[in-house]
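Just below is one structure, and these are the notes that go with it.
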Amino acid sequence: MPLDRLVFQGLRNLQAIDFEPGSRINLISGANGSGKTSLLEGIHILGMGRSFRTRNMRHVIAHDGDGLVLHGRLAGEPPVPFGVRRLRSESELEMRLAGERITRVTRLVETLPLQLINPDAFRLLEGAPAGRREFLDWGVFHVKHDFLDAWQRARRALKHRNALLRHGRMDDASLSAWEQELVQWSERIDALRSAWVEAFLPVFEETLDGLLPISGLRLRYSRGWDKRRDLAEILRQGRETDRQMGFTQQGPQRADLAIRLDRRPAVEVLSRGQQKLVVSALKLAQGRLLEAITGRTCIYLIDDLPAELDSAHRRVFCHWLESMHCQVFITSVDHDALADLWQPDTPISVFHVKRSSDGAGHLEPLERQTS
């Protein structure tokens with residue numbers, strides 16, 4: 001379901017806004033520093049309970065404001081309102097869904113499946129495994145209903161094992177108990193991740209072929225421990241080494257999704273523009289798989305789409321977005337860089353963020369049209 005209303009107050013340099021986005025393509029232009037990215041950030045906080053620009057939510061609140069209030073509404077019969085509030089004087093995010101207060105961020109994530117494509121998305125290729133695990137687990141979470149429980153149980157067991165490892169004297173009985181728990185849920189996580197990757201790979205390959213035909217690029221899932229050995233054996237035999245390190249060295253917390261081109265890390269071979277298309281293919285394929293399995297569509301947040309892409313690749317990218325019939329929010333400094341990339345019958349909503357003399361960003365709907 002698309003968002004049909006957004007109300008933001010106290011979000012960075014944006015003036016209070018109340019607008020109705022289009023159900024398909026929303027183009028948002030404006031000068032650097034006007035607040036375009038802040039608009040995407042607000043939607044991201046609504047769906048993820050956190051910013052993609054900072055870990056400290058106080059930095060998201062307008063410098064002269066006491067708090068941040070974000071509301072959204074999903075179209076439907078009936079529509080589903082939800083929102084978050086964060087006061088500068090408090091450390092917790094208050095969340096509401098359909099009029100009720102909720103305490104788990106996962107409820108927001110379930111309600112509003114989001115995909116973000118921004119400069120940080122390059123970390124899928126060049127960053128640490130943690131970013132790729134997050135990408136992997138987002139996909140599994142949305143289609144495998146028991147994944148969250150297994151993940152939480154494994155994390156709990158891992159936390160207790162690590163605490164025992166750091167204890168002055170290891171308690172073998174307690175270690176054995178938590179290792180048994182960790183093994184049970186780690187194997188379940190691995191089974192769920194493996195099944196998702198198997199379903200994801202053909203969708204990704206098809207999407208990548210449409211964006212950037214390139215031979216030799218492969219994704220390989222590694223579960224986080226030696227595939228030739230049982231995790232129980234690894235944990236038992238590795239106790240002393242783990243104790244010296246102070247943490248568990250093998251397990252699902254070390255899983256990765258390696259992205260290689262002709263046996264080399266893809267980031268070492270591809271140009272910056274090619275990297276953006278590979279990352280975009282990963283994100284688009286995740287949304288396509290979600291829709292194929294559940295019938296639900298992602299909302300895409302794309303910050304500065306024209307960057308690193310020539311006009312031909314921009315057009316191909318936009319045609320993929322059109323074919324998916326999803327809701328998209330795209331920012332660009334230059335409105336003209338995106339205006340003519342769409343099919344004539346694609347619904348386009350156009351907005352402009354203008355920075356006034358007081359430094360606040362004002363959102364203006366320029367037109368609502370079918371391009």
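The values are calculated or read from the model by the stated rules, or taken from the named source; none is laboratory data. Predicted, not measured: the structure shown is a model, and the values here were computed from it. A quick note on method: Cβ atoms are made from the backbone with ideal geometry, for glycine too, and the neighbour counts reach across all protein chains shown. Surface accessibility is based on the protein's heavy atoms, side chains included, excluding ligands, DNA and RNA. Shrake-Rupley method; radii C 1.70, N 1.55, O 1.52, S 1.80 Å.
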Against the definition (among the β-branched types (Val, Ile, Thr) and within 26 Å of Arg260 (Cα to Cα)), how does Val203 come out, yes or no? yes
In the range 231-254, what residues are touching a residue at least 12 places away in the same chain (Cβ under 8 Å) and not in a helix (DSSP H, G or I)? Gly238, Gly246, Phe247, Thr248, Gln250, Gly251
Would the range 162-169 turn up any residue that is touching a residue at least 24 places away in the same chain (Cβ under 8 Å) and either assigned to a loop (DSSP other than H, G, I, E, B) or hydroxyl-bearing (Ser, Thr, Tyr) (or both)? no
Out of all the residues in the range 295-306, which are of a type in the set (Ser, Thr, Tyr) and either open to solvent by 60 Å² or more (accessible area, probe 1.4 Å) or assigned to a loop (DSSP other than H, G, I, E, B) (or both)? Thr297
Going through the range 118-129 one residue at a time, which ones are free of Cβ contacts under 8 Å to residues at least 60 places away in the same chain, assigned to a helix (DSSP H, G or I) and over 15 Å from the mean Cα position of the chain (by Cα)? none
What single numbered condition from (1) under 23 Å from Lys354 (Cβ atoms); (2) in contact with a helix residue (DSSP H, G or I) (Cβ under 8 Å, 6 or more places away or on another chain); (3) polar (S, T, N, Q) fails to hold for Ser34? (2)
Pull out all pairs, ordered by first then second residue, where Cβ-Cβ is under 8 Å, the residues are six or more apart or on different chains, the first lies in the range 330-349 and is farther than 18 Å from Asp303 by Cβ and among the aromatic types (Phe, Trp, Tyr), and the second is modelled with pLDDT of 85 or more and surrounded by 14 or more Cβ atoms within 10 Å (Cβ to Cβ). Trp342/Ile25; Trp342/Cys318; Trp342/Glu322; Trp342/Ile348
Tell me, please, whether a residue that is farther than 23 Å from Arg123 by Cα and in contact (Cβ under 8 Å) with a residue 40 or more places away in the chain can be found in the range 35-56. yes
Evaluate the range 26-33: report whether one residue or more is free of Cβ contacts under 8 Å to residues at least 40 places away in the same chain and open to solvent by 10 Å² or more (accessible area, probe 1.4 Å). no
In the range 260-271, anything open to solvent by 10 Å² or more (accessible area, probe 1.4 Å) and either among the polar types (S, T, N, Q) or part of a helix (DSSP H, G or I) (or both) is listed as Val267, Glu268, Ser271
Single residue of Leu284, Leu257, Leu309 found to be buried (at least 18 other Cβ atoms within 10 Å of the Cβ), over 23 Å from Gly76 (Cβ atoms) and without any contact (Cβ under 8 Å) to a residue 40 or more places away in the chain: Leu309
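Yes or no: Pro79 open to solvent by less than 30 Å² (accessible area, probe 1.4 Å) and touching a residue at least 24 places away in the same chain (Cβ under 8 Å)? Even if it seems obvious, please write down each step before you answer.
Working: open to solvent by less than 30 Å² (accessible area, probe 1.4 Å): no; touching a residue at least 24 places away in the same chain (Cβ under 8 Å): yes.
So Pro79 fails the test.
Picking from Leu201, Leu208, Leu219, which residue would you name as being within 29 Å of the chain's Cα centre (by Cα), farther than 30 Å from Gln244 by Cα, modelled with pLDDT of 90 or more and not in a helix (DSSP H, G or I)? Before the answer, list the steps.
Numbers: Leu201 fails: not in a helix (DSSP H, G or I); Leu208 fails: not in a helix (DSSP H, G or I).
After applying the criteria, what remains is Leu219.
For (1) touching a Phe, Trp or Tyr at 6+ places or on another chain (Cβ under 7 Å); (2) at pLDDT 95 or above; (3) surrounded by 18 or more Cβ atoms within 10 Å (Cβ to Cβ), each residue gets a yes or a no:
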| position | (1), (2), (3) |
| --- | --- |
| Ala173 | no, no, no |
| Glu179 | no, yes, yes |
| Ser186 | no, yes, yes |
| Trp225 | no, yes, yes |
| Leu231 | yes, yes, yes |
| Glu240 | no, no, no |
If you check Phe82 against the conditions, is it aromatic (Phe, Trp, Tyr), at pLDDT 90 or above, part of a helix (DSSP H, G or I) and in contact with a helix residue (DSSP H, G or I) (Cβ under 7 Å, 6 or more places away or on another chain)? no
Taking the stated definitions as given, is Arg155 in contact with a helix residue (DSSP H, G or I) (Cβ under 7 Å, 6 or more places away or on another chain) and surrounded by 12 or more Cβ atoms within 10 Å (Cβ to Cβ)? no
Of all residues in the range 85-117, count the ones that are of a type outside the set (A, V, I, L, M, F, W, C), surrounded by fewer than 18 Cβ atoms within 10 Å (Cβ to Cβ) and part of a strand (DSSP E or B). 5
(1) in contact with a helix residue (DSSP H, G or I) (Cβ under 7 Å, 6 or more places away or on another chain); (2) part of a loop (DSSP other than H, G, I, E, B); (3) of a type in the set (A, V, I, L, M): which one isn't true of Ile28, the others all being true? (2)
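Residues to consider are His44, His71; find the one that is touching a strand residue (DSSP E or B) at 6+ places or on another chain (Cβ under 7 Å), modelled with pLDDT of 95 or more, in a strand (DSSP E or B) and crowded, with 17+ Cβ neighbours inside 10 Å. First the steps, then the outcome.
Working: His44 fails: in a strand (DSSP E or B).
One residue alone meets the criteria, His71.
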